[in-house]
Protein chains: 2
Amino acid sequence: MQLANASREQLQQWEQALSAEYNAIKAEGLNLDLTRGKPSAEQLSLSDALDGILQHNYITDSGIDTRNYGGLEGTPEARALGEQLMGVPAAQIMAGGNSSLTLMYQLMTTAFFFGLEGADSAWNKEEGIKFLCPVPGYDRHFSICEQLGIEMVNIPMTSNGPDMDAAEALIKADSSIKGMWCVPKYSNPTGVVYSKDVVKRIANLAKIAGKGFRVFWDNAYAIHDLSENAPQLASIWEATKAAGTTDSVLQFASTSKITHAGAGVAFLAASDANLNGFKKVLGIQTIGPDKINQLRHAKFFAVPGSLNAHMQKHAEIIKPRFESVLKHLEEAFGDNALGQWESADGGYFISFDTQEGLAKKVVALAGQAGVKLTPAGATFPYGKDPQDSNIRIAPTVPSVEQVDAAMKVFVLCVKLASVQKALAA
Amino acid sequence: MQLANASREQLQQWEQALSAEYNAIKAEGLNLDLTRGKPSAEQLSLSDALDGILQHNYITDSGIDTRNYGGLEGTPEARALGEQLMGVPAAQIMAGGNSSLTLMYQLMTTAFFFGLEGADSAWNKEEGIKFLCPVPGYDRHFSICEQLGIEMVNIPMTSNGPDMDAAEALIKADSSIKGMWCVPKYSNPTGVVYSKDVVKRIANLAKIAGKGFRVFWDNAYAIHDLSENAPQLASIWEATKAAGTTDSVLQFASTSKITHAGAGVAFLAASDANLNGFKKVLGIQTIGPDKINQLRHAKFFAVPGSLNAHMQKHAEIIKPRFESVLKHLEEAFGDNALGQWESADGGYFISFDTQEGLAKKVVALAGQAGVKLTPAGATFPYGKDPQDSNIRIAPTVPSVEQVDAAMKVFVLCVKLASVQKALAA
């Protein structure tokens, strides 16, 4: 379907045919959902052996009774698991509770209210501080900034990561920019893996930024590959070591999309100065994380190679769903300008851009036809997509058949909205 | 030993005898510890059946897959356990993660930075806000206020709870007092249970306080009785309902000293307005608590009466330790004015008051003789005991024999310090 060269008559014919098809599907009363960026029950079941894995032995190899209080930085065994996951030495890692989002929030509020380098370094001592937000991005990152009144500045995502020319220019010009959100591998939602050059340039941002600059490096999909030839993410830890900027990056990861989504172990990797600054503040709000759950996870992945083998099982479940989404998009839009997307090799999302001004309409059309999509705009700060074009597709929870059925409706809605736009032009 | 009527010669004789005894004990090289307010390994083992209790069935009776994300307020089953524990309807209860301290911190920071009743109600909109702190009290409560810059105002503890005449007078005179810390049952560290009259007066404080007043009701030892005729704590929930002040009290509890200290379930009980205000802020920092651990706990206490039966096992372990402490205190100081204490029927601490100005010295003497005591002052805001007299004794972790040995040293140090004080007068 090439709208650009189509006659008005042709457009009207298409519109009629697509409307008829749409109405027929609407009458079917579908109830499908592509909104949920979480594991399916089948994926969760891969980790059910966590229950009972301790066989009532709650003592770690290092001799810690995990049942009692204490241990702010997590058990050595859990921190070693963090090293496997994050590729950063365990000495730089804290193992926490069930949520990396909570860890990010805690680091953000520490930096904002209390300061990671003492009280004078608190961001809220300055008026009007800002954060760079590669867009589209993760709504829960944006909500934290919004709650704290940190102004968010959009920068475009490219197929190599954030537009670093834009990022560097903004940071050079404005010392009130205190940090940047990053999902460096299988970025939420575009699926992009940051290139080696982008990683290096991010590691060097602190050199041109104002004081207290911190990159929040949310490596949520660090090992969540769908193919064996998965793209490698360069080590930001090594890059900051080379640049002498280790204090400028805070790394996060968790087992939430590895074991049980709501009951995993979250990790922070950071420089000694950041860990110490954080622990001073964290020690006021907790006596320590759930070390029993940390021990369960350490035991579950005790055998070398078991973590990767486990992730391959996830990939086997997720891959057909991603393939279904990509097949429908390729078939419908591979040869025209109705939509754009990246072909993700991992993560949980596929990000689709309609022609300008159609995302809300497509989401509404799909909704009326029984296919729930993430609200348009959700992937942008303040819920505002300036182009009204981005839609996040989350295919992991439905069955392959459901994904297939939902995507048929999706591409139909995109076509219909696009043709109607062309007619209205 | 009656110091008041003793001659100087008598005092010198006592001092020589006590010093000799002290030096002999010092030479023994003891290594004992009465500082740790946490369960012993024997107590923790009472709950070891939590591991494996799910038999790989992670679905609640209410149909929730506890493995996945979501459920900010906790599972219905966990909230029902909270009702058992707190005596407040489950509808008013949120079940959280592993730490009630974290919940208190989250409520405190919500009220302080963001407001429980919308942004305008945030405490930090006012300068110089204050909190009432019954003393001696719990150091971790005080640390939260200190971190936020909330000025702490001491009010005395009596054997019925906080001195309410003092509390009411202060609150009436000063609308910048925004709240009050309370450990209403087996108060940390005095072991006192608030009387029915005190509970009622606390429920009525909001009527004389400035706007946004909140009592932090840390019911850490709600069911942690040592005797069958345990004193009853009146319901603050009912009292606030009667007074029309349900928004003024935030109640906290946890299973930390019921099951596994570091891996339990924490609870908040509050009015609908407070729960809604809190959830708005909490929803930014987490997707939900560890529901699997909540399910473990709900199953562990599923049989009616099992919670109480479980607490009796704790009491059987703890009681001999408390008895040993009380026996030594009674024998040494029952007939004189060298020290004062309450006879606690539960909780984790016995609080001892030396004569004025001797707490630091006693702690130092005991430390040099191999008995570690909580630093003097720790039970007061800013670590400053104006009388330098309070010492917190935590006897749960050592064996009964160790408690006995440590208490021999303790009473000796109190006697020695007291005699030396009398000699110096």
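Taken together, the values in this text are just the output of simple stated rules run on the coordinates, not laboratory data. Fair warning: this is a prediction, and the values are worked out from it, not measured in the lab. Every residue, glycine as well, gets a Cβ built from its backbone with ideal geometry; the counts of neighbours run over all protein chains shown.
Values for this structure:
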item	result
Förster radius 22 Å - calculated FRET efficiency between B:Q340 and B:A20, Cβ distance, rounded to 0.05	0.20
3J(HN,Hα) from dihedral phi, the range A:100-111, Karplus parametrisation 6.51/-1.76/1.60, rounded to Hz, x for glycine, proline	6, 4, 4, 4, 4, 4, 5, 5, 5, 5, 4, 5
Efficiency of FRET from Cβ geometry, A:I284 and A:E330, R₀ 45 Å, rounded to 0.05	0.30
Helix-derived mean residue ellipticity, 222 nm - over chain B, DSSP H n ≥ 4, -39500 (n - 2.57), to 500	-12500 deg cm²/dmol
Point-charge dipole on Cβ atoms (K/R +1, D/E -1) for the range B:61-302, about Cα centre, debye to 20	220 debye
Reachable lysines from B:K327, criterion Cα separation under 16 angstrom, eight or more residues apart if same chain	B:K319, B:K408, B:K415
Estimated FRET transfer efficiency when R0 is 51 angstrom, pair A:E316-B:A273 (beta carbons, to 0.05)	0.60
Rg(Cα)/(2.2 N^0.38 Å) for the protein assembly as shown, N = residue count	1.07
The protein assembly as shown: antiparallel DSSP beta bridges as a percent of all, rounded to 5	45 percent
Innermost chain B residue relative to the axis carrying B onto A, by Cβ distance in angstrom	B:G52, 2
Label spacing, shortest first and in nm, from B:K211 to its equivalents in the remaining copies (7 angstrom along Cα→Cβ)	3.8
Along chain A, longest interval not containing exposed GluC sites (Glu not before Pro), exposed being DSSP loop plus at most 14 other Cβ atoms within 10 Å	A:229-355
Candidate lysines for bridging to B:K200, where Cα separation is under 18 Å - those fewer than 8 sequence places away on the same chain excluded	B:K172, B:K185, B:K241
Cα shape, the range B:61-302, gyration tensor, a/c 1.5 rule	oblate
Positive-end residue, the range B:61-302 charge dipole about Cα centroid, Cβ charges, pick of B:L226, B:F300, B:F142	B:F300
Using a 7 Å Cα-to-Cβ projection, A:E146 label spacings across copies, nm, ascending	3.7
Qualifying lysines (Cα of each under 22 Å from Cα of B:K291; at least 8 residues distant if same chain)	A:K38, A:K257, A:K291, A:K299, B:K257, B:K279, B:K280, B:K299
Taking B:L412, B:L34, B:L326 and counting other C-beta atoms within 10 Å, the order from fewest to most	B:L326, B:L412, B:L34
